[in-house]
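I have placed the structure first, in the form of structure tokens, so that the comments after it can refer back to it.
The values are calculated or read from the model by the stated rules, or taken from the named source; none is laboratory data. No experiment lies behind these values; they were computed from the predicted model shown. Counting neighbours? That spans all protein chains shown, and the Cβs are built from the backbone with ideal geometry, glycine included. Each accessible area value is taken on the protein alone, full model and side chains, heavy atoms only, with ligands, DNA and RNA left out. Shrake-Rupley method; radii C 1.70, N 1.55, O 1.52, S 1.80 Å.
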Amino acid sequence: MGVSFYTFQALSYTIDVYRGELHATNSFWDFFLAVLYFPHLIAGPIQRASLLLPQITQPRVINRDQVLEGVHLIFWGFFKKVFIADNVSPIADRVFGMSDPTGADVLVGVLAFTVQIYCDFSGYTDIARGLAKIMGFEFTLNFNLPYLATNPSDFWRRWHISLSSWLRDYLYKPLGGNRDGTLMTQRNLMITMVLGGLWHGAAWNFVLWG
């Protein structure tokens, strides 16, 4: 049901109001819509209240170009999901199910899964952005050619951008970021990434992944 996304939506509202970056709304229904707006609640992009709520409170004007852009994003997302991800996933599943794969098998499986997870994830968020666009809302970009990144830090700036930036701005920086020396920086990174892992699922494998 995307409970973790509801949590992030509600937390961003509370924190932005507390910081003075957003005025509290007097309308329960506007707040309710900001938290529960459906297109992105399963896989993102995570929308901050400071970006989404003003779009809810202001009248929306939907024009032809906006609808066409939205429809294009929806079809592009479905293409990535149905024609690419769903066709390479059996390859990855077959390799990962082998009891004694060769090195070549592992390479093929890893590459297949690399394509699958990107097209699954970015395809979904393209659909979400397209649906929002034809209803007059603008969602943030969530993937920016992550496999063209030049280093791990660059990758995280390009992959699931709404999550990595949320963790940075609402967790890593408030913990102190990199301001207090190497040891504290490593601590803050560890806390942030472990909690980021837990956000994906309440299990030890997610803790270890983080």
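Our coupling estimate for the range 200-210, obtained by passing each phi through the Karplus curve with A = 6.51, B = -1.76, C = 1.60 and θ = phi - 60°, is 6, x, 8, 8, 5, 5, 6, 4, 5, 4, x Hz, Gly and Pro reported as x.
Per-peptide packing, taken as the mean over residues of other Cβ atoms within 10 Å, places 22-35, 173-186 in the sequence 22-35, 173-186 from highest down. Extension gain, Arg60-Asp105: 0.36 nm per intervening residue step, less the Cα-Cα distance, totals 11.0 nm. Calculation over all alpha carbon pairs of the chain in 5 angstrom steps from 0 returns a P(r) of 1, 7, 11, 15, 18, 17, 13, 9, 6, 3, 1, 0, 0 percent.
Need one word for the range 88-210: rounded, prolate or oblate. Basis is the Cα gyration tensor (sqrt eigenvalues a ≥ b ≥ c); a/c below 1.5 gives rounded, then a/b vs b/c decides. Here the range 88-210 falls in the oblate category. Probing with 1.4 Å while keeping every protein chain in the model, the per residue accessible area of the range 158-210 equals 60 Å².
Sorting Val207, Val95, Val61 by accessible area puts them as Val61, Val207, Val95; the probe is 1.4 Å, largest comes first, and only protein heavy atoms count.
Just to confirm my numbers, what's the Cα centroid distance between the range 125-151 and the range 27-90 in Å? Centre-to-centre (Cα) distance: 8 Å. Overall, the ratio between the Cα radius of gyration of the range 15-105 and 2.2 N^0.38 Å, rounded to two decimals, is 1.71.
Think of it as helices only: each DSSP H run of n ≥ 4 in the chain is worth -39500 (n - 2.57), and spread over all residues that comes to -20000 deg cm²/dmol at 222 nm.
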